[in-house]
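> My structure is below; once you've seen it, I'll send some questions.
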């Protein structure tokens, strides 16, 4: 068989504000690969099926000299994100052709993997779509579940405010909070997302682009728990309307990712209201909570008792658009790049 | 006996920036009291000995309409703070003449107390000066000890950064951290305070007015624990130089008390470095830690193994100056208003 094109999405330049398709990243079709004969050198060949686009990826689009705990993308090299693939050929005894793998995948149609250090073979007993493992059963779902269990100290009758409540993380937080008997206030950036938050059980759901956040929280609060995905003014509003002893779960601060950092003006309430604030990195919670997660969430998802949505972009050439949409919040739900069918 | 003057310090106007002696507060000598015959109505008469001036008092100098968990001072009424007094007469069976009381006292030479709801009778077995019970053995000492025990998760060999390390809270934190085997970095605003921090064991001590905080922390960090009394730029420097999994103990944010609030620009590190931030109100920690505190700290203070300093202003007419000094940081140590000898 002749070589086929191996499309790739390369990191091309460091953005100063929003990532620009074609400039920050470029779709490249110059590489080819011979799927039957490419040497594996003891490794295995993976065909990419689905890739995840997540807000945190903006933090990796930085110069090689800027330190952080997640390494930067490298100029001229493919992006990397969570993904699902199928193994086409293998010389590794732990992986065989036909296996499905989950983990960090380069943005390319095909990759040759040395070993299983970045990927794991996984089963799909409930026969869910592969992309499910990038959303509610993947990193976003684990983020919501594990940090909620670890930090919320949720008590029945309390009130939680969830920002980006229609996203893959926030929508699971809303459903976990309702299972725990809390009053849930959710915010998102479109009327469609507001409707989805209501559909999954939010008691109060509003569009932050057309509604004053502080007024909603003054009326519906004070809040005992804040799930923060945005930082900045929304965090200030939450601080101002927090209850004594509130817990703030700091999952992300997207309002500052494309503007050099979110400014917080009301942090003094952390002192005056005895607030605990928990930043976290989900991989540090996995050893403790992984078993619980897989024991409860997949079955609830398969039974339709936990709802989730996806916004699927088809083709690697759409990665740039997807990255921009996630930073602007114009994606409708968990953004998936569907690269190939099984 | 004829009536004597009962000097009082009244809250006179809400400050917009720093509190001004004679404007924010006024010293008033128009009231008299007959110490032998003033009716007690079942209560008791207290002569004020020492009063504490603390940074948090700035938060009580606000309009009656601004909500917070500490009530505002009332215009035309005396200030209230932690104090020590001696009972002159009593009609309450739980208190007798000669008893010493500690708790919230109005800023007046004499007060008639209804009951013991704001005060407690206390012993002084080590024969320490009464003002000690307003500093290292009072609210500041409890603040340092109880929050350190509750939140620091200190491990030998870690590094802690203590802001306002020469103050009554910070200086005890430094000594507790050294007892726990940590490397201690302390900051304060004068060379005299820097010397005091070295004297009590700080490994690195610097004057933040003449030294770049970020450069010190870059060189001596990263930090595992930050004891925050100041907020603002110092907090940003600590966030930028924190280790993965750092604990931030949020005791105060004086940098914003007189300017409408401290601005934080680097809060995203809470997410990226998995930082936990703990605001607290010491009264909420007392039930859990009071016994431990009194079992360990008074004896160490009496033995000279824990060091502390006081800056004593003599007379109620100096309260206004004391309030301003504490907000500007020009006090040399724990600020005490010495009102009368025993």
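> Sort out for me the strands (runs of 3 or more DSSP E) sitting completely within the stretch B:1-104 that have 3 or more residues that are crowded, with 20+ Cβ neighbours inside 10 Å, modelled with pLDDT of 95 or more and assigned by the TED database to the domain that holds residue B:327.
B:8-11, B:44-52, B:80-90
> May I pose another question? Filter the stretch A:132-146 down to residues that are in contact with a strand residue (DSSP E or B) (Cβ under 9 Å, 6 or more places away or on another chain) and under 19 Å from residue A:201 (Cβ atoms), then give me how many there are.
Residues that pass the stated criteria total 4.
> Identify, by number, the condition in (1) crowded, with 21+ Cβ neighbours inside 10 Å; (2) within 8 Å of chain A (Cβ to nearest Cβ); (3) over 25 Å from the mean Cα position of the chain (by Cα) that residue B:245 doesn't meet.
(1)
> Could you list, in sequence order, the residues of the stretch B:292-301 that are within 20 Å of the chain's Cα centre (by Cα) and surrounded by fewer than 17 Cβ atoms within 10 Å (Cβ to Cβ)? Talk me through it step by step, then tell me what you get.
Narrowing the stretch B:292-301 to residues within 20 Å of the chain's Cα centre (by Cα): B:292-294, B:296-298, B:300-301.
Scanning the stretch B:292-301 gives B:292, B:294, B:296, B:300.
> Then there is this: Any chance the stretch A:266-278 includes a residue that's at pLDDT 95 or above, within 7 Å of another protein chain (Cβ to nearest Cβ) and closer than 16 Å to residue A:163 by Cα?
Yes: one or more hits.
> While we're on this one: Across the stretch A:105-121, what is the number of residues that are surrounded by 14 or more Cβ atoms within 10 Å (Cβ to Cβ) and assigned to a loop (DSSP other than H, G, I, E, B)?
Residues meeting the conditions: 4.
> Which of the residues belonging to the stretch A:302-340 are at pLDDT below 95, over 15 Å from the mean Cα position of the chain (by Cα) and closer than 23 Å to residue A:8 by Cβ?
none
> Regarding the stretch A:193-202, can at least one residue be identified that is within 11 Å of chain B (Cβ to nearest Cβ) and touching a helix residue (DSSP H, G or I) at 6+ places or on another chain (Cβ under 6 Å)?
No: zero hits.
> Go through the stretch A:227-237 and give me each residue that's more than 19 Å from residue B:260 (Cβ to Cβ) and more than 10 Å from chain B (Cβ to nearest Cβ).
The answer is A:227, A:230, A:234.
> To continue, here is another question. Within the stretch A:279-299, restricting attention to residues that are under 19 Å from residue A:165 (Cα atoms) and part of a helix (DSSP H, G or I), which residue is nearest to the other protein chains (Cβ to nearest Cβ)?
It comes out as A:282.
> Could you figure out which of (1) under 19 Å from residue A:169 (Cα atoms); (2) surrounded by fewer than 18 Cβ atoms within 10 Å (Cβ to Cβ) isn't true of residue A:230?
If we test residue A:230 against (1) under 19 Å from residue A:169 (Cα atoms); (2) surrounded by fewer than 18 Cβ atoms within 10 Å (Cβ to Cβ), just (2) comes out false.
> Something else: For residue A:214, only one of the following conditions fails: (1) buried (at least 21 other Cβ atoms within 10 Å of the Cβ); (2) touching a helix residue (DSSP H, G or I) at 6+ places or on another chain (Cβ under 7 Å). What is its number?
(1)
> Quick one: would you say residue B:131 is in a loop (DSSP other than H, G, I, E, B), out of contact with any helix residue (DSSP H, G or I) (no Cβ under 9 Å at 6 or more places or on another chain), over 19 Å from residue B:295 (Cβ atoms) and in contact (Cβ under 8 Å) with a residue 40 or more places away in the chain?
no
> Here is a further query. Go through (1) away from every other protein chain (no Cβ under 12 Å); (2) touching a strand residue (DSSP E or B) at 6+ places or on another chain (Cβ under 7 Å); (3) modelled with pLDDT of 95 or more; (4) surrounded by fewer than 24 Cβ atoms within 10 Å (Cβ to Cβ) for residue A:189 and report which single condition fails.
(3)
The values are calculated or read from the model by the stated rules, or taken from the named source; none is laboratory data. Remember, it's a predicted structure, so these values are computed and weren't measured experimentally. Cβ sites come from the backbone with ideal geometry, for glycine too, and all protein chains shown count toward neighbours.
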